[in-house]
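Structure record follows, encoded as structure tokens.
Where a number appears in this text, it was derived from the coordinates with a stated rule and is not lab data. Please read these numbers as outputs of a predicted model, since none were measured by experiment. Every residue, glycine as well, gets a Cβ built from its backbone with ideal geometry; the counts of neighbours run over all protein chains shown.
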Amino acid sequence: MSSVERKLGFVENLFHIIHELGGMIDVNIVRLEGDIKPNVLQQALLLLQSRYPLLQVRIIAQEDEAYFSSENIQRIPLQVITKTKENKWLEIAQSELHQKFDKEFHPLCRITLLKSSFRDGVSEIIATFHHAISDGVSCLTFIDNLLIYYQKIVSQEEIDNRISLAFPKPIEESIDRILVNSHQTKELKNENLSDTSLSPQLIIETEAPLHERRTRIVTRIINSKTLINLSQQCQTQTTTIHGALWAAMLLGTKTISNFEYPLHFSCSSHLNLRKYSRPEIDSNNLGCFFSSVENIYTLTKNIDFWELARDCQQKIKIGENRTINNLINEPRLANFTKFTLEKILDQNYTGRTKTINISNRGQFNLAENYGQLKIKEIYFTVGQHILGPCLWLGAVTFHEQLCLTLAHVTPLISSQTMNNLADTVVNILEKVVLER
């Protein structure tokens, strides 16, 4: 690669601006059974770094513009920590959310291995990314490939290290405008998706200045039996797991609020943009290829769970094209600057822009095991303390279990409140399965 690869795209630059203020750092946690050897993991990282161009760059400023540069880039750093307590990984992950990437010659990814002190214990790999080079699919593919390389090195299998992907274009340049137009729906012409007469309600317990705000996470698991039954129920009720997650989050949020019915919550749902690109961006490519669908949902006193799930899913589907049309509106994106963000933060003492965001990575086909290593759980989140929703949910399904990560910002919302919400969401999903 040449020294300077290209200028950041509009979406990439948006995440770069937020990162410069300390927010939206992308953290992924993989909990594994088996003895992980740090020297082998480092070898696997080197192979992975040579494959992906965005793992070989940093971000530099030239004439007030941001560029990817590969000049003198170093290897992906690997920190190894021997665990002294079982939940140490949670502390490290939350700390990672607040650690900006070095502006020197370090890449936009770093790895922490929390090694179990027991040979057959549970260890964690924490992969942290600058959000300008990552999305949900990228992170899961990175983890999968890292463990595949690890397994091949241990078993002394031949590895073809000549495979190197091309440097990706910015997503707004990859979107196929003809394809977007073909996805337009009749409902989009008739339905008002964002009623501006409504005043969305935010869930905030205590206001706090930026320097006092910290992103915290709690995790939960939907087990195999519940997930299989929930999936069957969703098919019967003509909705999806994603719709069910939205219904559970909305109803759960009501239980921690002091608002009376009807409630109006402003919400956003992540949208994978790879299928809207030409050529289509496959899962092997690492980059920032997503946006968000925004809607306002109204809760009435006796609303039915499945009715709400179907409504959420329908509004998300209809809102996809509006989201993509906004994305390809280049002047709108180009007008977002660091000054714009600082102005928003000056006027908003909490940094909260909406009530709920859900990032559902969906079903991911991971191997049952990688030699002697086996994935037990996967969690992920991004730093919300600068700017973000009041409540954030990350979901990923693999091996017939659903791993949930719920992020919140203290002291805006207490950890006790968030744990109560997490329990309520799980209870709601388990209850609707039992009521079939």
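A few notes on this one:
- Charge tally in the Cβ shell below 14 Å around T350, where Lys, Arg are +1 and Asp, Glu are -1, T350 excluded: 0
- With helices as the sole contributors, the chain gives -11000 deg cm²/dmol at 222 nm; each DSSP H run of n ≥ 4 counts as -39500 (n - 2.57), and the sum is divided by every residue.
- In sequence order, calculated HN-Hα J values of region 345-350 (Karplus, 6.51, -1.76, 1.60; Hz; x Gly/Pro): 5, 5, 8, 10, 6, 10
- Ranked by how many other beta carbons lie within 10 Å on average, peptides 280-290, 40-50, 220-230 from highest: 280-290, 40-50, 220-230
- Spatially, region 215-267 and region 55-75 are offset by 41 Å when compared through their Cα centroids.
- Selected from L327, L55, L210 as most flexible by GNM, with the chain as the system and alpha-carbon contacts under 10 Å: L210
- Distant-in-sequence amide H partners of R6 (H built 1.01 Å from N, under 5 Å): F68
- Excluding same-chain neighbours fewer than eight residues apart, the lysines reachable from K315 by a Cα-Cα span under 21 Å are K186, K189, K254, K275, K301, K354.
- Amide H contacts for G362 (H built 1.01 Å from N in the peptide plane; partners 5 or more residues away or on another chain; cut-off under 5 Å): T397.
- Extension gain, S414-L345: 0.36 nm per intervening residue step, less the Cα-Cα distance, totals 22.7 nm.
- Packing rank of 243-250, 313-320, 336-343, where each peptide gets the mean count of other beta carbons within 10 Å, highest leading: 243-250, 313-320, 336-343
- Once both labels are positioned 7 Å from their Cα atoms along Cα-to-Cβ, the gap between E173 and Q99 label points is 3.3 nm.
- Extension gain, E86 back to Q372 (0.36 nm per residue minus Cα-Cα distance, nm): 100.9 nm
- For Rg and Dmax of the Cα atoms in Å, the value calculated from this model appears in (1) 44.1, 179; (2) 22.1, 74; (3) 21.4, 64 under label (3).
- Between L108, L78, L54, the Cα set farthest toward the positive side of the dipole of region 4-154 (charges on each charged residue's Cβ, about the Cα centre) is that of L78.
- Charge dipole of region 4-154 (Cα centre as origin; +1 on each Lys and Arg Cβ, -1 on each Asp and Glu Cβ, all else neutral): 580 debye, rounded to the nearest 20.
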